[in-house]
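Taking it in order: structure first as structure tokens, then the write-up.
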Amino acid sequence: MDPTASTPPATGFGEGPGELLTLHYPKPLPMRLDRWLVSQRPEQSRARIQKFIDAGYVRVNGVAARAKTPLREGDAVQLWMPPPEPLPYLQPQPIPLDVLFEDDSIIVLNKPAGLTVHPAPGNRDGTLVNGLLHHCPDLPGISGKLRPGIVHRLDKDTTGCLVVAKSQQALVALQGQIQRRVASREYLAVVHGSPRDDAGTIEGPIGRHPVDRKKYAVVAEGQGRDARTHWTVLERFGDHTLMRFRLDTGRTHQIRVHCAHIGHPLVGDATYSRCRRLPVALPGQALHAVQLGLNHPVTRERLIFEAPLPEAFERLLTALRRRRSPG
């Protein structure tokens, strides 16, 4: 439901269909209401949170608030979430899914290259979400339009582990785990060149590229969102290197941007690397989400999932090893 086109339930604030959340602001320093709510509800955009506030769906200490209302330690924030807007054009499609794990709360997939996670203008079908709607008919009621159940994304040509929530409770819990770094995400990638060290950390805020707005870049402090990527060298092939990455943050294109920033762009990355001749054909960048760790949103059990390398990635490693040892 679009809050700008609706009114609070006739039975009163927090009653009737929908979800009422009560949160308490824990920090000693003040923060704007809209900014803090976005940090607590990462599945909602800041613009959407502001719409909820403008429509009267948010109260601070029982009083209607504005987006810029400063929160102070101990303030009680009530957020009324109306029922999700019906998905206008998303259709279930029988897209094959490589399921690593599934129960009533979550489904963990091994995403192939070439599959977009959710619809966008000009790309309304054939996405992972279309396949999920066919596999899990209850998803349309989760997290509103276009991204039902999506906890985190992988780029279209990035492969590997991806978790999807099958309930609103699971969605909020898992996104909170990612925000608090309880969930762990590790990747394998092949980069151009050979880093001098065997391990390190890349830190640099990521924002829109100052010239090409379709790309992202490491930008000046205050102009982007903080990003931190830990890396370890696994194998060197002369002019290429196999590396393992662990994310502290999950910014758009984070590994791709950080690797390009340090002069070691990903092999096969047409956006952040110059076109270079490769020993094998690749469907995109050589980047694979190899491992995902999380606490089950209901049982709290720690779960670790691993996705096998895709065939194209394996062929690339085989070719690089042969080139290194021609005999």
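Rundown of residues vs (1) among the β-branched types (Val, Ile, Thr); (2) touching a residue at least 60 places away in the same chain (Cβ under 8 Å); (3) closer than 12 Å to VAL190 by Cβ, yes/no style:
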residue	(1), (2), (3)
LEU247	no, yes, no
ARG251	no, no, no
GLN254	no, no, no
SER273	no, yes, yes
THR299	yes, no, no
ARG315	no, no, yes
ALA319	no, no, yes
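Restricting the range 166-190 to residues that are more than 23 Å from ASP226 (Cα to Cα) and touching a Leu at 6+ places or on another chain (Cβ under 9 Å) leaves a set whose member that is modelled with the lowest pLDDT is LYS166.
Checking TYR187 against (1) surrounded by fewer than 20 Cβ atoms within 10 Å (Cβ to Cβ); (2) in contact (Cβ under 8 Å) with a residue 40 or more places away in the chain; (3) over 21 Å from THR127 (Cβ atoms), which test does it fail? Of the numbered conditions (1) surrounded by fewer than 20 Cβ atoms within 10 Å (Cβ to Cβ); (2) in contact (Cβ under 8 Å) with a residue 40 or more places away in the chain; (3) over 21 Å from THR127 (Cβ atoms), the odd one out for TYR187 is (1). Going through (1) surrounded by 15 or more Cβ atoms within 10 Å (Cβ to Cβ); (2) closer than 22 Å to GLY207 by Cα one by one, ALA307 falls short only on (2). The test for being in contact with a Ser or Thr (Cβ under 6 Å, 6 or more places away or on another chain), in the same structural domain as ILE262 (by TED's automatic domain parsing), charged (D, E, K, R) and surrounded by 13 or more Cβ atoms within 10 Å (Cβ to Cβ) holds for ARG236. State yes or no: is VAL163 touching a helix residue (DSSP H, G or I) at 6+ places or on another chain (Cβ under 6 Å) and of a type in the set (A, V, I, L, M, F, W, C)? Judged against the criteria, VAL163 is not a match. Here ARG256 fits the description: closer than 30 Å to SER39 by Cα and either outside any loop (DSSP other than H, G, I, E, B) or in contact with a Ser or Thr (Cβ under 9 Å, 6 or more places away or on another chain) (or both).
Just checking, which of ARG225, ARG300, ARG274, ARG244 is surrounded by fewer than 15 Cβ atoms within 10 Å (Cβ to Cβ) and within 28 Å of GLU102 (Cβ to Cβ)?
Exactly one residue qualifies, and that residue is ARG300.
Just wondering, is there one or more residues in the range 56-72 that are at pLDDT 75 or above, within 25 Å of the chain's Cα centre (by Cα) and buried (at least 19 other Cβ atoms within 10 Å of the Cβ)? Checking the range 56-72: not a single residue is at pLDDT 75 or above, within 25 Å of the chain's Cα centre (by Cα) and buried (at least 19 other Cβ atoms within 10 Å of the Cβ).
The values are calculated or read from the model by the stated rules, or taken from the named source; none is laboratory data. This structure is a prediction, so every number in the text was calculated from the model and none was measured. Don't worry about glycine lacking a Cβ; one is built from the backbone with ideal geometry, like all the others, and counts go over all protein chains shown.
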